[in-house]
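Okay, structure first, notes after.
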Amino acid sequence: MFDLVIKNGVICTASDLYQADIGIRAGKIECIASNIDSSLAGGIIDAEGAFVTPGGIDAHVHVDEPCKLLGDVADTMESATRSAVAGGTTTVIAFATQDIEKKGPEALSNSVEQVVNEYAQQTLYCDYALHLILFQVEQNSIAGRQLLDVQLQNVYEDFGVTSVKVFMTYPGLQMSDYDILTTMHATRSNEFTTMIHAENGDLIRWMIEDLESKGLLDPFYHGVSRPIEFEGEATNRAIVLSSTLKTPILFVHVSSPDAIQTISKAQARGLRVFAETCPQYALLSDELTKCHHGKEPAGHNSSSFEKTENKTADQFEGAKYICSPPIRGEQCQEHIWNAINDGTFTIIGSDHCPYYYYDKVSGASKHRAFRDNKDGRFRYIPNGMPGVCTRLPLLMTYGYTHGKIRDMAKFVELNCTNPAKVYGCYPQKGSLLPGVSDADIVIWYPQGSSEGKYPPRPDSITNDLLEHGCDYTPFEGFPLSNWPRFTIVKGRVVYREGMIVEENACGDYLRREKSTMCSNEKSAS
Ligand code: DUC
Ligand code: ZN
Ligand code: ZN
Ligand code: ZN
């Protein structure tokens, strides 16, 4: 007997595409077979020939947390997981930031505990796990190594956290090369995954001060202050650090050809260097940050286009597209797609990091939160944009349908299976393996037409589709070829034909194991 049977789907995994039915019991995938007897099912969903994929894993999501180092993020874990399932993502990995008030062997466990406790108060629509953002090594000396070793051991034992992110930029967050080596030493011995934000923070600081001294303050200059070469340099330096210790690393949010080339060369030398990119680097261009010329950006839906008092275009609109690394020139997009297909990129994450565009308090009076703060200087605009909901539909449309991604197996590998392997939750997550995988599944709309025995699928992105807390999407108006019709989390339908199914919300905290892909092998020392 099954709780639910999905019939007539085209099952897509990271290796295969085939027609079959899926039988689900007690939240798990129980069997996949060519024709499951419907009389055995508690419930039946007819996929009508549509693609059936594992639920997406978005391993790069920022939400509001007790330690607000990234400022006031517009999503709680509740709204972020709601937005995730609306876009076919069934597991998110967010961040717990190190709380430097906490000291000693349990310091990092206590930092994570604070975050887990906060999210336990919220309704969660899918499972979530946590990475740890580390920005300070407690003891900046040889003794610090041993302490960090123990701190990581504890955070694994207590919370199943097995990955650490370090920043090579941002005042207050930026780590010295010395501290990065200490961190890598500890992640190596604990078999953690080391995630790197690679941009040269010292050079960026110099550029920001230089631009400000010349009165160049608009959102567009954010990108000017963080050129491609600064990402390339930091990428190369991090590879030197990791190869010194013979330990793997993973670059997050890789945006540009220099970094891609450096990573690809290291991979060709046999170094265990992994990389993530994000849809915004494949689909958006820095032209969007130039709104002060009075043009509406391409792909922009005029319904959300605010006119300023003097009826010209919103001169601050470029702020919506600020993230770090910045959105690059259009010519960089092709490099991103090539690296997606040739294996340089291991995973795709959204880097969902939403900030309100309009002021939350004054609301209707339409003060742009960023502009009215600190004279709109780009330096103070928070870096990040929403994306947890749009990641899979965009990649289905512009990757699969438009032929930029090789095939559906590549789509599943990058968005579902590899993130699970990289972050230690495979095969419970990210795959459709009978007997072992959670029944985290997306049933897409049948290909080709949006007509059927069901409400029509969305044919372009609008902010109100996304179920997130943010007041805009950088992808407003982007045409779509598909959208999740059903999102199933642990056997329960949480999103059905455009509606969240509230009573089926069943998200939990997910403990992870050590990575099977990019943690250190025990033998290396
Ligand atoms: N890096 C991220 O990964 N997210 C938001 C800001 C940043 O710099
Ligand atoms: Zn980052
Ligand atoms: Zn300009
Ligand atoms: Zn991020």
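The values are calculated or read from the model by the stated rules, or taken from the named source; none is laboratory data. This structure is a prediction, so every number in the text was calculated from the model and none was measured. Because the Cβ atoms are built from the backbone with ideal geometry, glycine has one as well, and the counts that use them run over all protein chains shown. Accessible surface is based on the protein model in full, side chains and every heavy atom, while ligands, DNA and RNA are left aside. Shrake-Rupley method; radii C 1.70, N 1.55, O 1.52, S 1.80 Å.
Here THR516 does not qualify as at pLDDT 95 or above, surrounded by fewer than 21 Cβ atoms within 10 Å (Cβ to Cβ) and either under 29 Å from ALA26 (Cα atoms) or under 21 Å from the mean Cα position of the chain (by Cα) (or both). The set of residues from the stretch 261-280 being in contact with a helix residue (DSSP H, G or I) (Cβ under 7 Å, 6 or more places away or on another chain) and open to solvent by less than 10 Å² (accessible area, probe 1.4 Å) comprises ILE263, ALA266, VAL273, ALA275, THR277, PRO279. Among GLN153, GLN139, which is outside any helix (DSSP H, G or I) and more than 30 Å from VAL489 (Cβ to Cβ)? Exactly one of GLN153, GLN139 is outside any helix (DSSP H, G or I) and more than 30 Å from VAL489 (Cβ to Cβ), namely GLN139. Listed conditions (1) of a type in the set (A, V, I, L, M); (2) within 16 Å of ligand 2 (Cβ to nearest atom); (3) in contact with a strand residue (DSSP E or B) (Cβ under 7 Å, 6 or more places away or on another chain) are all met by ILE204, apart from (3).
Regarding SER225, is this residue away from ligand 4 (no atom under 16 Å from the Cβ), open to solvent by less than 20 Å² (accessible area, probe 1.4 Å) and over 30 Å from VAL161 (Cβ atoms)? Criteria met by SER225. For the stretch 148-179, taking the residues that are hydrophobic (A, V, I, L, M, F, W, C) and more than 14 Å from ligand 2 (Cβ to nearest atom), the one that is most open to solvent (accessible area, probe 1.4 Å) is identified as VAL150. Restricted to the stretch 377-476, the set of helices (runs of 4 or more DSSP H) holding at least 3 residues that are touching a helix residue (DSSP H, G or I) at 6+ places or on another chain (Cβ under 9 Å) comprises 391-394, 408-412. Tell me which residues, restricted to the stretch 235-277, are in contact (Cβ under 8 Å) with a residue 60 or more places away in the chain, out of contact with any Phe, Trp or Tyr (no Cβ under 6 Å at 6 or more places or on another chain) and within 16 Å of ligand 1 (Cβ to nearest atom). Within the stretch 235-277, ALA238, ILE249, VAL252, HIS253, VAL254, SER256, ALA259, PHE274, GLU276 qualify.
When the residues of the stretch 104-119 are narrowed to those that are assigned to a helix (DSSP H, G or I) and of a type in the set (Asp, Glu), which ends up most open to solvent (accessible area, probe 1.4 Å)? Of everything passing the filter in the stretch 104-119, GLU113 is most open to solvent (accessible area, probe 1.4 Å).
Highlighted here would be strands (runs of 3 or more DSSP E) found entirely within the stretch 37-96 that include at least 1 residues which are within 16 Å of ligand 3 (Cβ to nearest atom), but there are none. Condition test on MET184, is it in contact (Cβ under 8 Å) with a residue 12 or more places away in the chain, surrounded by 21 or more Cβ atoms within 10 Å (Cβ to Cβ) and out of contact with any His (no Cβ under 7 Å at 6 or more places or on another chain)? Yes: the conditions hold for MET184. With the condition kept exactly as written, say whether any residue in the stretch 132-145 is over 21 Å from ALA420 (Cα atoms), free of Cβ contacts under 8 Å to residues at least 12 places away in the same chain and among the aliphatic types (A, V, I, L, M). Yes, that holds for at least one residue.
Being more than 21 Å from the chain's Cα centre (by Cα), surrounded by 23 or more Cβ atoms within 10 Å (Cβ to Cβ) and at pLDDT 95 or above, is that true of even one residue in the stretch 501-512? No, the stretch 501-512 contains no residue that is more than 21 Å from the chain's Cα centre (by Cα), surrounded by 23 or more Cβ atoms within 10 Å (Cβ to Cβ) and at pLDDT 95 or above.
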